[in-house]
1. If only one of Pro378, Pro383, Pro389 is touching a Lys or Arg at 6+ places or on another chain (Cβ under 7 Å), within 30 Å of Met86 (Cβ to Cβ), open to solvent by less than 10 Å² (accessible area, probe 1.4 Å) and touching a residue at least 12 places away in the same chain (Cβ under 8 Å), which one is it?
2. Quick one: count up the residues across the range 233-261 that are part of a helix (DSSP H, G or I), crowded, with 16+ Cβ neighbours inside 10 Å and modelled with pLDDT of 85 or more.
3. Answer yes if at least one residue in the range 416-430 is among the small types (Gly, Ala, Ser), modelled with pLDDT under 95, open to solvent by 20 Å² or more (accessible area, probe 1.4 Å) and not in a helix (DSSP H, G or I), and no otherwise.
4. Which members of the range 13-46 meet the condition of being within 20 Å of Leu370 (Cα to Cα) and of a type in the set (Ser, Thr, Tyr)?
5. Scanning the range 449-473 for residues that are touching a residue at least 12 places away in the same chain (Cβ under 8 Å) and among the charged types (D, E, K, R), which turns out most open to solvent (accessible area, probe 1.4 Å)?
6. Pick out, from the range 42-158, the strands (runs of 3 or more DSSP E) lying fully within it that include 3 or more residues that are under 30 Å from Trp399 (Cβ atoms).
7. Can you name the strands (runs of 3 or more DSSP E) wholly within the range 287-370 that have at least 1 residues being at pLDDT below 90 and of a type outside the set (S, T, N, Q)?
8. Taking into account only those residues within the range 362-381 that are of a type in the set (A, V, I, L, M, F, W, C) and more than 15 Å from the chain's Cα centre (by Cα), which is nearest to Leu224 (Cα to Cα)?
Amino acid sequence: MGSISMAAPPCHIVAVPYPGRGHVNAMLNLCRLLTARDGVSATFVVTEEWLGLLGSPAGLGLGPGRVRFEAIPNVIPSEHGRAADMPGFLEAVYTRMAAPFERLLDRLAAPPHAIVADVFVPWTVSVGARRGVPVCAMCPLSATMFAVQYSFHRLPPAAAAGGASPDGTGDCLIENYIHGTKSIRFADLAPTHTNPALLDRVLEAYSTGVKKAQCVILTSFQELESDAIAAIRQELPCPVYAVGPCIPFMALQLQQEEDNKPYNKYPNGDGDGNHMAWLDAQPAGSVLYVSLGSFLSVSSAQLEEIAAGLAASEARFLWVLRDAGARDRVARVGLGGGRGVAVPWTDQLRVLCHPSVGGFFTHSGMNSTLEAVYAGVPMLTLPIAFDQPTNSRLVAEVWKTGLGLKDAARCDGGVVGRDDIAKAVERLMRPGSPEAAGMRRRAALLKDAARAACEEGGSSWKDVTSFIHFVSS
């Protein structure tokens with residue numbers, strides 16, 4: 001696939017992701033979109049550890065010569081184990097990365113026209129101000145979550161103190177206080193927004209970063225979150241560009257054109273292509289793809305309940321479990337007599353777009369959610385933290401393209417039982433069910449909208465064009 005021509009002067013951006021897999025992926029996908037345009041190049045800045053995890057730009061399906069990687073020293077805790085102390089990890093990201101990043105800027109051959117930085121590396125705004133370089137804040141969360149965090153001060157004080165809603169139940173709707181949000185409840189903000197230390201750092205990103213940035217880039221797209229995007233544009237004093245879905249669909253298209261060169265999103269991964277042959281042998285729409293994220297993990301108790309629920313549902317499933325011990329535990333519970341396959345890695349977008357896949361059991365991270373939307377696959381959601389409960393609510397109650405399991409969790413440990421899981425899987429995957437057919441129909445409509453937004457003349461295509469002109473001029 002060739003680059004897309006546009007009448008704009010050369011444009012060099014420096015991209016700075018927050019050092020977490022979901023954030024890095026979102027920024028990589030944004031760089032793919034931008035550097036597909038003539039005259040646009042990017043320098044992608046990560047830590048030395050992340051440089052080793054990523055490999056080469058060419059191996060990630062990035063345009064030859066358009067994106068180069070640069071590294072700063074490992075001044076923050078390792079990617080492995082950062083979940084054990086998120087406030088401490090955020091503290092390190094906020095305070096230790098700016099100085100080595102500035103030194104890196106000094107040695108770049110070409111000065112940047114703009115710094116495109118993740119919302120959660122807010123120190124980039126001060127760096128840009130000192131150097132006269134505009135800073136554009138990229139939000140890898142849903143537009144709805146952005147709206148909630150940007151306007152968090154409008155929620156009642158009890159919400160900021162402990163996540164309580166005015167009626168004490170957590171079921172009060174946030175849309176009563178923040179425009180552009182639908183169906184999101186106070187309870188959906190737990191546990192991230194009820195941890196005072198973590199919340200202070202999250203909100204600091206908006207007060208010291210977003211509110212002083214020259215523009216904001218959303219990885220969602222207009223047709224998916226029109227109300228939230230409209231509210232953000234009305235609220236912010238700077239331009240807001242919705243350029244999504246920021247997923248590796250361009251790399252997928254390249255792979256489909258070159259079947260003998262399979263695209264590997266993580267070239268250092270230990271994936272096994274045998275699962276694709278297994279998918280090829282399954283009936284259309286019959287497989288539930290199961291992947292619950294690469295950062296936070298479900299508990300051992302929840303893992304066994306999921307395995308037992310999948311086995312009881314009698315649905316075919318492909319389950320990604322990076323940990324070998326987890327795969328062994330699942331195998332002991334049972335993989336459904338050959339109806340289930342557990343693998344350490346997949347090319348997720350490729351799997352979701354496979355005709356045999358008819359559902360996605362997901363943690364509701366934004367990247368995964370956007371990939372499911374692009375693939376037109378209904379979702380079964382089991383969110384853990386951060387923006388995941390909000391995304392889950394959007395899927396189940398706003399877009400109505402799936403079912404949520406969070407509300408079925410038991411009070412003792414928050415584990416969703418195997419019976420509830422089996423029933424939900426059956427509802428999602430049952431052939432001929434009017435409920436499942438409705439979810440598939442609405443998912444197909446969002447799929448068409450997502451792909452149209454990316455095409456020349458689509459809403460996201462236009463916003464990419466406008467953003468490039470904005471920073472070039």
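1. Details: Pro378 fails: within 30 Å of Met86 (Cβ to Cβ); Pro383 fails: open to solvent by less than 10 Å² (accessible area, probe 1.4 Å).
Among Pro378, Pro383, Pro389, only Pro389 is touching a Lys or Arg at 6+ places or on another chain (Cβ under 7 Å), within 30 Å of Met86 (Cβ to Cβ), open to solvent by less than 10 Å² (accessible area, probe 1.4 Å) and touching a residue at least 12 places away in the same chain (Cβ under 8 Å).
2. 1
3. There is no residue in the range 416-430 that is among the small types (Gly, Ala, Ser), modelled with pLDDT under 95, open to solvent by 20 Å² or more (accessible area, probe 1.4 Å) and not in a helix (DSSP H, G or I).
4. Tyr18
5. Filtering first and then ranking leaves Glu456.
6. Values: elements: 67-72, 114-118, 135-139.
Where strands (runs of 3 or more DSSP E) fall fully within the range 42-158 and carry at least 3 residues being under 30 Å from Trp399 (Cβ atoms), they are 114-118, 135-139.
7. On the way: elements: 287-291, 316-320, 340-343, 357-362.
Output list reads 340-343.
8. In this case the residue turns out to be Val377.
The values are calculated or read from the model by the stated rules, or taken from the named source; none is laboratory data. Please read these numbers as outputs of a predicted model, since none were measured by experiment. Backbone-built Cβ (ideal geometry, glycine too); neighbour counts: all protein chains shown. We work out accessible area using only protein heavy atoms, side chains counted, and drop any ligands, DNA or RNA first. Shrake-Rupley method; radii C 1.70, N 1.55, O 1.52, S 1.80 Å.
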